[in-house]
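Report on the following structure.
Readers should treat all values here as calculations from the given coordinates under stated rules, not as data from a laboratory. These figures come from a predicted structure and were not determined experimentally. All Cβ positions, even for glycine, are placed from backbone atoms using ideal geometry, and neighbour counts span all protein chains on display.
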Amino acid sequence: MEIPVFLFGGFLESGKTSFINDTVAEESFTEGERILIIACEEGEEEYDAKQLAGFNTTVEYVEDEDDFTEALVKSFALKHSPQKVIIEWNGMWRLEKVLNLK
């Protein structure tokens, strides 16, 4: 089964987390589906796990670029069985890393 993946990238503190929070709060986006956020950076704005749970959304954090592997992403998919995935990409990491995932 194919899972749609939405990639959000940009500079640190550019508003990615706020935008993602607003996006998952939109019923027209979530449609009641399970959503997984893979956050590859932590800025001033944080995810509220309790609030996200209300939108059928969970978040996993990846703190080091070398840890972001296809195996890790697959393990998250098996753990959460998401119907949509959002990746908040660290703007300092190589974009090829995420674009080469299968």
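For a test of understanding, tell me how many lysine pairs in the chain have Cα atoms under 22 Å apart, given they are 8 or more places apart or on different chains.
12
Considering only ILE3, ASN100, ILE37, whose Cα is most displaced toward the positive end of the charge dipole of the chain, charges sitting on Cβ of Lys, Arg (+1) and Asp, Glu (-1)?
Checking the options against the dipole of the chain, the answer is ILE3.
Suppose only helical runs count, i.e. DSSP H with n ≥ 4. What mean residue ellipticity at 222 nm does that imply for the chain under -39500 (n - 2.57) per run, divided by all residues and rounded to the nearest 500 deg cm²/dmol?
-8000 deg cm²/dmol
Among ALA77, THR58, GLY15, whose Cα lies farthest out toward the positive end of the dipole of the chain, if unit charges sit on the beta carbon of Lys, Arg (+1) and Asp, Glu (-1)?
Of the listed residues, the answer is ALA77.
Mind putting a number on the dipole of the chain about its Cα centre? Charges go on the C-beta only, +1 for Lys and Arg and -1 for Asp and Glu, and I need it in Debye to the nearest 20.
With only Lys, Arg, Asp and Glu charged at Cβ, the dipole is about 500 debye.
Considering only DSSP states other than H, G, I, E and B, which trypsin sites (Lys or Arg not before Pro) in the stretch 1-95 qualify as loop sites with at most 16 other Cβ atoms within 10 Å?
ARG34, ARG94
If you take volume of the Cα convex hull per residue in Å³ from the coordinates, which of [x] 95; [y] 106; [z] 137 do you get?
Computed from the coordinates, volume of the Cα convex hull per residue in Å³ corresponds to [x].
Defining a contact as two alpha carbons under 8 Å apart and six or more residues distant in sequence, what relative contact order in percent does the stretch 15-102 show?
Normalised by residue count, the contact order of the stretch 15-102 is 38 percent.
Which of PHE19, PHE68, PHE76 moves most in a GNM of the chain, Cα contacts under 10 Å?
Of PHE19, PHE68, PHE76, the most mobile in the Gaussian network model is PHE19.
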